[in-house]
Each structure stands twice: as C-alpha cells, then as structure tokens.
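Beneath this line is the structure, given in structure tokens, with notes to follow.
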Amino acid sequence: MQDHIQRHIPLKGASNFRDLGGYVGQAGRHVKWRTLFRSDHLANLESEDLAQLRNLGLKRAFDFRGVQESQAQAYEWPHIKRHSLSIEPTVVQRLQAQHLTGKPLTAADALDAMQTTYRDFVKSDSHRFAQLFEHMLDHPEPLLFHCTAGKDRTGLAAALILSALGVSQEDIWQDYLLTNQLYKRNSTGATTLSPDVMKIVWEVQESFLKAALDEIQSRHQGIQNYLRSQLGLTPAAQSKLQSLYLA
C-alpha cells in the first residue's frame with residue numbers, strides 16, 4: 001500500500017492531481033514514478049502549478065471531458081499539448097431530467113445513475129480508452145489524463161491502465177477511492193438537485209467501478225479479454241506497455 005501523501009501532488013488549481021507510480025505490477029516490477037498522472041481538469045492552474053508540471057516533464061494531457069465541459073472550462077497552456085478523448089457526461093443530465101418530471105429524487109436514484117453511467121463507459125466509450133492506450137504505446141514520455149473531477153472517466157481509465165500493468169485489485173481499489181480524500185469540488189455550476197443527491201454524484205463508491213467491471217465481465221468474459229478485444233492490447237502490446245511503464 002502506497003502512502004498517498006507521496007502520490008498526491010498539491011496544486012493550487014487542481015485538487016485531485018496524482019501519480020500512478022509505485023504500485024507493484026507484473027512480475028513484481030513497480031509502476032514508474034513521475035510517468036503516469038491522473039487529475040481533475042486543468043483550467044484553473046496557476047503559474048506555480050505550470051512550473052511544477054514543467055518540472056515533471058509533462059508535455060501531453062488527455063482530456064476525457066465532453067464538448068461543452070471542455071469549452072466552459074477551457075485551457076491552453078504552454079508546453080502541454082491537449083488531446084481530446086471526449087466522453088460526454090450523463091449523470092447530472094439524467095438526474096436533472098428526472099427531477100423535471102416532478103418525481104422526487106433520492107440517493108438511490110443517484111446511485112443508480114452513477115452505476116448506469118459506468119456501465120455506459122464500457123458499452124459506448126471503450127474506443128476512447130483504446131485511444132489512450134495507443135498514445136501510451138507510441139509515445140512513452142510522461143503524460144496526464146483527466147476529466148472534470150478526475151474521478152469517473154479518469155477513475156476507470158486508471159483502473160484499466162493499472163490492470164494492464166498487472167497491479168493488484170487491492171491497489172486498484174485504493175487508487176480509485178483516493179479521490180474521496182483529495183477531490184475538492186469548486187462552487188461553479190448551479191444545480192437544482194438536493195445536497196444528498198449531489199454528495200453521491202461528487203464522490204466515488206466501490207459500487208460505481210464495480211458496475212463497469214461487472215459489465216466487462218458480462219460482455220467480454222473478463223478484463224484481459226476486454227483489454228485485448230476492445231482496447232487493442234494484444235499480448236505483444238501489453239508486454240510492450242509493461243516494458244515501458246514498469247521499472
């Protein structure tokens with residue numbers, strides 16, 4: 001188990017920026033430090049933050065945010081090339097639509113919406129995760145991937161990467177749930193949804209990621225088959241990935 005203080009990189013403009021390094025992967029090799037990073041969005045970075053990212057050698061950011069999200073909180077930073085891998089958000093929109101019908105929203109509704117969204121990542125958005133792996137194989141210099149909060153689209157991407165690198169389920173869950181200790185939501189964006197509902201929307205729970213993993217199991221008979229058939233990680237490609245990102 002890694003100390004999250006070493007893993008978390010404090011920035012003024014992003015709360016959930018962290019390093020995937022140090023986890024034990026295939027054949028006892030560790031994920032390289034200061035190579036793979038995950039985060040919430042980068043639109044609020046300050047000059048000190050940008051200097052820190054330059055020191056990390058970060059040159060590319062892979063942005064899972066949808067079109068309107070990325071337009072509303074756009075960024076264009078020197079030395080960081082942004083690649084859009086857009087996955088449109090659906091949770092709040094789905095809950096808002098239900099709210100407008102007049103039916104009271106409950107925490108159970110929010111849980112169901114989150115789990116449905118994670119299943120939809122597997123059903124509809126696997127090509128975006130495949131594109132991230134393609135970039136990782138072609139250009140192995142330090143990279144960052146993120147969405148708005150760095151917890152759902154980013155959380156599943158991190159789980160897939162760590163799985164491909166042979167990291168244990170225990171460490172994958174630890175990494176996923178670390179968002180609840182780190183992420184600080186900003187106050188932008190009005191909503192008519194209740195605080196109880198929004199609390200669930202802005203956290204991570206095991207049942208969310210489990211919904212995606214269960215969908216992978218049901219549709220593709222396990223994570224390794226999914227990595228190979230949907231994300232393009234042939235055995236040779238997975239071996240190359242491990243050689244690039246494990247020390």
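The values are calculated or read from the model by the stated rules, or taken from the named source; none is laboratory data. Model, not experiment: these values are computed from the prediction. Cβ atoms come from the backbone with ideal geometry, glycine included; neighbour counts cover every protein chain shown. Note: accessible area is taken over every heavy atom of the protein model, side chains too, but ligands, DNA and RNA are not part of it. Shrake-Rupley method; radii C 1.70, N 1.55, O 1.52, S 1.80 Å.
When region 219-237 is filtered for residues that are without any contact (Cβ under 8 Å) to a residue 24 or more places away in the chain, over 20 Å from Y176 (Cβ atoms) and among the small types (G, A, S), the ones remaining, listed by number, are S229, A236. Could you list all residues from region 151-207 that are touching a His at 6+ places or on another chain (Cβ under 7 Å), under 19 Å from A61 (Cβ atoms) and surrounded by 21 or more Cβ atoms within 10 Å (Cβ to Cβ)? Correct list: T154 only. Among residues of region 193-204 that are farther than 17 Å from S15 by Cα, those with a Cβ under 6 angstrom from a residue that is surrounded by fewer than 16 Cβ atoms within 10 Å (Cβ to Cβ) and small (G, A, S), sequence gap 6+ or separate chain, pair up as D196/A107; I200/A107.
Somewhere in region 2-23, is a residue open to solvent by 10 Å² or more (accessible area, probe 1.4 Å), in contact with a helix residue (DSSP H, G or I) (Cβ under 7 Å, 6 or more places away or on another chain), touching a residue at least 24 places away in the same chain (Cβ under 8 Å) and farther than 18 Å from L178 by Cβ? Within region 2-23, one or more residues are open to solvent by 10 Å² or more (accessible area, probe 1.4 Å), in contact with a helix residue (DSSP H, G or I) (Cβ under 7 Å, 6 or more places away or on another chain), touching a residue at least 24 places away in the same chain (Cβ under 8 Å) and farther than 18 Å from L178 by Cβ.
In region 49-71, the residues that are on the phi < 0 side of the Ramachandran plot form Cβ pairs under 6 Å with partners that are in a loop (DSSP other than H, G, I, E, B) and of a type in the set (D, E, K, R), at six or more places apart or across chains, as follows: D49/K12; L56/R34; G66/E88. On the stretch given as region 102-145, residues that are more than 17 Å from the chain's Cα centre (by Cα), within 15 Å of Q205 (Cβ to Cβ) and open to solvent by less than 60 Å² (accessible area, probe 1.4 Å) total 5. Checked against (1) surrounded by fewer than 19 Cβ atoms within 10 Å (Cβ to Cβ); (2) over 18 Å from A159 (Cα atoms), D49 passes all but a single condition, namely (1).
Return the total of residues in region 208-220 being surrounded by fewer than 16 Cβ atoms within 10 Å (Cβ to Cβ) and among the acidic types (D, E). The total comes to 1. Beta carbons closer than 6 Å, at least 6 apart along the sequence or on distinct chains, pair a first residue in region 74-97 that is open to solvent by 50 Å² or more (accessible area, probe 1.4 Å) with a second that is not in a helix (DSSP H, G or I) for K81/R60; R82/A61; R82/D63; S84/D63; E88/G66.
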